[in-house]
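The values are calculated or read from the model by the stated rules, or taken from the named source; none is laboratory data. Keep in mind it's a predicted model, so treat the numbers as computed, not measured. Backbone-built Cβ (ideal geometry, glycine too); neighbour counts: all protein chains shown. For the accessible areas, the whole protein counts, side chains as well, though only heavy atoms, and no ligand, DNA or RNA atoms are used. Shrake-Rupley method; radii C 1.70, N 1.55, O 1.52, S 1.80 Å.
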Amino acid sequence: MAERQVAELGAGAACVGWNHCGRRLAAGAVDGFVSVYDSQPSPSSKWQAHEHAILNIVWLPPDYGDAIACVCADGTLSLWEEISEDDQLPTWRKCKVFESGNSHILNVTAYSDGQVKVYELLDSLELDKWQLQAEFQNITDPVSRSGKPTCTSASIAWSPRRGESQQASFAIGFNSDSPNFNSCKIWEFEEAHQRWLPLVELGSPQDKGDIVRAVAWAPNIGRPYEIIAVATCKGIAIWHIGLSAESDGSLSTENVAVLSGHDGEVLQLEWDMGGMTLASTGGDGMVKLWQANLNGVWHEQAVLDCNVSH
Amino acid sequence: MPGMLMDSGGAIVPFSGEPGLAAAAAPPVRTIRHGVTPPISRVYVSFSSGNLLQVACLRPPNPEGGGDRGEEEVAGGRVVEVNLGGGGGGPAGADAEEEIDEAEMRRIEYGSVPAFALLQSRKNALADGSGMSRLPSVSEHAEWWQYVLEYSKTIGSLLGNPDSLPAFMIDDPEIILKVREKPTSLKAAWELLEIFFVDKQLQTWLPERLVDWLADYDSLLTKTQNTIYRMLSNFQKKLINLQVVEDDPDYWSGLSAALSVGWLDIVVNMLRFHGSYQLDQMDSRETENGLVEAVAVLVSTMPRMRPDLPSGKLGQCCKTRPDFIKALEKWRGQGFEGMHQLAQKCIQLKPSADNSGLTGLLTGILSENTEVVLAECTKNFGPWMVTHAMELLTADNDYADMMLHEERPNFGGISIEELHRLVYAQVLCSHALTWQIAPTYLSSCLNQGLGLLEILLLKQPIQDNRIILKTLEICRLYELENVSTNIMKIAGIYHWKHGRKGTGVYWFQQANDKVRLDRIAQQLFEHIGKSVTDDSFKQWEGLLELLGSDIGSAGGLEFLHRYRDFKRSLQMAQEGRTAESVRQTVEFLIQLMRNPSTPQRFWLPLLHDSVRLLNCKPCPSLSVAETTLLLNKLQELSLAKLRPDFSNIHLPSHALNSVRLALASNLARAILEEPSQKRFPTTELTGLPLFCFWVYSLSDIDTNASARNAHTLTSMNTLTLTLLL
């Protein structure tokens, strides 16, 4: 049961992201440097991606090659890809910079004015060419539009699509300076009209105003419903979302559990490959593992304490 | 995943014994030894394959931005990988883990695959057949339990020495217990399940079978409390120093303990240590010795209800119950009792705090509580045991069959059996050496197995070609075409981006990825367009070869293949200059220019390539009609130039002019060569028609000349040049 050391991070490391198979990882630092690790304690590549601190690093899906997106403290978002010629050592190349976004996963950027922009790749071989596929206001409440709340932070989780037939959709956790508009919504792309539609909002009226810390969409290996975990200050809410619409066209949503356990805020949510175990990390330096039993009751299965050094 | 960290109470099993207890109990806390000096400011996690969780522990970043990079750099954090399911997928129970190391467990895991797969296929065959025989479940079939027994024996033999030879020796009078390889709890538990749940032949002599089992595994039952094995083993150590054994109370307690569980050979052996047997005592202790010997004889002829006895074992076999009762009455009449305690002894075995799980398992079995049996297996022996033992539990037990196969809507619609197979598959996925046997178990799951298998396959690293081939083989086996297509596309893009263009194209071809192949073809056009006449030809020729002859698969490829043929032919023509090769090249050129799939922006480069060919003397390379076609294309091109979307290819500025000149002179010569040519189609031409028409009329005059001379041609070229300029 011993831990295996994977990588030694350099000074100032601020964020870490793993690739799809979990064998490569990229770390962003406060000085704007990015290091990539390949099963070796020291990085295989290191370069300065930004002038300012890197806040988040995300790997693109493997269909695009080995590429990462870096979110910088100055609001820019840069895409980098690994390339090599013949037998040369691989190098990382800057492909694209999106200006002044503030939170991002894959090709959705949530902007500080509450807009959500969806970009799509024009050419599957070139990561340089993106086009704005859609742009919409995340706040759908008509009254709110006049207020122009400013987004303070956002987190996005794409639905793990299982086939070409399934529509693209994502959940966005949205926080603004007007707490009324904090929410976690699911958007789905409607092929027929080529537009994004808000499907459901995860949260009950009394939860309005809770800051959404993290969102994670579980892989679905055959359940008749989707599972999404949403972390707010009240804990981690587990939601079941029906796959087929009800008679009135709406989707059934059910909050099956609210899990509390972290001392302080939850910072990250992560599902295992079967969507059966949820791992959460918190400001308390703990990793908690959550599972449902056969009766569908969620409970804390185990705790990994990272606060002690040996 | 469920099933990890088994000491957490095994909440996944509906263990009704302690309602709500498992969930309410505090979860186990495991300290992560990452070696980073506290404080830890932030933790990131990511699941890789199976139960492997990568944990990144970060220190608070220095606000100065790590300005002091250099030799004194303080680590910013560390990333460690934690296996949540226990090392190497072995049983998570602490005792079992001590007993079986990783490599041994992997041997067991690999060895059990064929037996499991065979049993599943037999089950499926019976289930298919039962549609006609209308038997409600597979276990109703007469042959089923024999299949399960065969399976159980195969698995059992993997867990250790299959023959349960007597653990105790009687050959050497000084040795009670034979020193032998330590038995494992895993094997003990497996045999116990087999005895009680599968082997119908054993039902009549169950207590005797239990005696045999105890002989093999009694030592494992508890670590702190005395087992009979330990009692005897301790006594044996003492034996060397004992002068008079019968004065030691341990001698008698050992005797009675061994007798109480029916280890007759031990009892007889121990009786013969009695002091009265010693040669110098014989005379004075004759009566006493006679009594001891009578007891020994009596013990050795104790009736036992079992079909046979291994050689060296004592007792008198009775095959049927009436025989046994009769023999027992007779035997009891001779003065002994004790056998009746045997069953009680087993039932009353008290579970203790440190037991290896065998006593708990025994309690569950004897109280006929399948949930407890399952919970004990989960808790003490881990996912491998539960997954494989499930077949034993359901072999002849309707309740277990129902309980384990019932689909649970609260758990995504899967049964307990499926859940445990998924859990075990995740354990297998957690190691690079075992992930490839996980598909066998996943494919046996009705509802979610293939879903997990797809994710597993897509998570495999594509950098290693052998892993790709293995993954694709599994896809083919389970007919997961869309997964294999995805993997090929991912492999394709990986190699393409890393400078191995050929391998990239190969995988795109395999994936039938028209979009990307078209894009690659387009990139080739662009590449070719930039340096169409230089030796870069060689570079992309190989790639084109790879793109294959299946030119229907992508539009751009058709052009490229024709272009390749043209280029090859052109080279040959320019080197050899045989009339045949020139003619061939011209044909390729005309085909290319006629073909609608040839992009317009390549017209000029193609013609520019052909300038030397067109200027080839003495005879014209192209016929009048062919030249006209090319001239038309040039005309079309100059019109297209005016459109905003015209894509310009970098050719020398004089390219167009040299093509025009070559075409014009070729036309002139062609006209001279073709006396029988009908009217020359001039209608579409602008700019040049006047000249052409003039050339045409001029040639009319000269038509009947028997031979043209070089002078005429030269002057015509000069004229052409003048006109064009």
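Take B:T37 and tell me if it is at the interface with chain A (Cβ under 10 Å from one of its Cβ atoms), out of contact with any helix residue (DSSP H, G or I) (no Cβ under 9 Å at 6 or more places or on another chain), surrounded by fewer than 19 Cβ atoms within 10 Å (Cβ to Cβ) and modelled with pLDDT of 85 or more. The answer is no for B:T37. Summed over the range B:114-132, residues that are modelled with pLDDT of 85 or more and of a type in the set (G, A, S) total 4. Evaluating B:M6 against the criteria (1) modelled with pLDDT under 80; (2) under 30 Å from the mean Cα position of the chain (by Cα); (3) facing another protein chain (nearest Cβ under 8 Å) leaves one unmet condition, (3). Would you mind stating whether B:T471 is at pLDDT 90 or above, more than 9 Å from chain A (Cβ to nearest Cβ) and over 30 Å from B:E391 (Cβ atoms)? The answer is no for B:T471. Checking each residue in the range B:198-233 for being open to solvent by 70 Å² or more (accessible area, probe 1.4 Å) and either part of a helix (DSSP H, G or I) or touching a Leu at 6+ places or on another chain (Cβ under 9 Å) (or both) picks out B:K200, B:Q201, B:Q203, B:T204, B:R230.
State whether the residues of the range B:164-183 include one that is hydrophobic (A, V, I, L, M, F, W, C) and at pLDDT 80 or above. The answer is no; no qualifying residue exists. A count restricted to the range A:272-310 and to residues that are surrounded by fewer than 21 Cβ atoms within 10 Å (Cβ to Cβ), more than 7 Å from chain B (Cβ to nearest Cβ) and in contact (Cβ under 8 Å) with a residue 40 or more places away in the chain stands at 1. Residues that are open to solvent by 30 Å² or more (accessible area, probe 1.4 Å) and farther than 23 Å from B:P461 by Cβ within the range A:48-89 comprise A:Q48, A:E51, A:H52, A:L55, A:N56, A:A73, A:D74, listed in sequence order. Applying the set (1) in contact with a helix residue (DSSP H, G or I) (Cβ under 8 Å, 6 or more places away or on another chain); (2) open to solvent by less than 20 Å² (accessible area, probe 1.4 Å) to A:G17 leaves exactly one unmet item: (1).
Looking at B:S484, B:S443, B:S430, just one residue is on the phi < 0 side of the Ramachandran plot, in contact with a strand residue (DSSP E or B) (Cβ under 6 Å, 6 or more places away or on another chain) and more than 10 Å from chain A (Cβ to nearest Cβ), and that residue is B:S430.
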